[in-house]
1. For the stretch 73-137, with all protein chains present and a 1.4 Å probe, just round the carbon and sulfur fraction of the accessible area to a whole percent.
2. Identify all aspartates and glutamates with a Cα-Cα distance to K128 below 19 Å; exclude those on the same chain that are fewer than 8 residues away in sequence.
3. Compute the Cα gyration tensor for the stretch 31-119, then decide on rounded, prolate or oblate, letting a ≥ b ≥ c be the square roots of its eigenvalues: rounded whenever a/c is under 1.5, prolate when a/b is larger than b/c in the other cases, and oblate in all that remain.
4. Would you mind computing Rg(Cα) / (2.2 N^0.38 Å) for the stretch 98-148, counting N as its residues?
Amino acid sequence: MYRLPSAAAKKYLVTAVALVLLALVVLWLGYRGSPPQSARDFEECAEQAQAKFPSNDERGASMTDCNARFAGRRKAGGGYTYFDFMQNRNFDIASPNPTPEESKQIDREYMVFLDAQRREAISVELAKRQNEQLQADLERARQPALPPMVLTPNNSAPTVAKRPVDRSNATRCEDGSLSCSWAKFSAAVKNALVSSSRTSPNPMLVPE
């Protein structure tokens, strides 16, 4: 006798069908959103994306994936070129993507670029300091010069000795005073004795 599947079996069956449908939807969406896998370089990938995806959003997502897949760009004369934004420079490469040897050469060129940048920064800093020093020297040259220093000797000029003042002549006394009369009398006697000694011979000398 045929037996109906149990509730658990029905549940497993529904789950399996749902998973299969979900997988199909994911594969379909992934196929629609993925860029053309048969493209040989960026330009061909971009052309296929333009033709396959009419929507701007889908086209933009496809172009982003093309850019990630192919680093090189076609050259007009043949070959490819790679732009390194770190050095702001283009490098010629043989294929749509740099080979390992080409990547090493680009890295070596980047080290040289960094060394040149460092030396340029040092030169700019040195020129800046020299300019600041020159400006400082010019400012000091524009300042007025100080007046010359005058040296004065410590020893002063010798003072001229003053002549002694004749107190007898400088002293004046009032007329009528006793001291002034006595001084006049003494001076007169002294003058008389001096004049007599000059005119009269020496009394001690007796002529023969």
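1. Details: 2780 of 5010 Å².
Accessible surface attributable to carbon and sulfur in the stretch 73-137 totals 55 percent.
2. E120, D137, E139
3. Working: a/c = 2.97, a/b = 2.18, b/c = 1.36.
Note, shape of the stretch 31-119 comes out prolate.
4. Working: Rg = 22.8 Å, N = 51, 2.2 N^0.38 = 9.8 Å.
Against the compact-globule rule of thumb, the ratio is 2.32.
The values are calculated or read from the model by the stated rules, or taken from the named source; none is laboratory data. Here the structure is a predicted model, which means the values were calculated and not measured. These area figures cover heavy atoms from the full protein model, side chains too; ligands, DNA and RNA do not enter into them. Shrake-Rupley method; radii C 1.70, N 1.55, O 1.52, S 1.80 Å.
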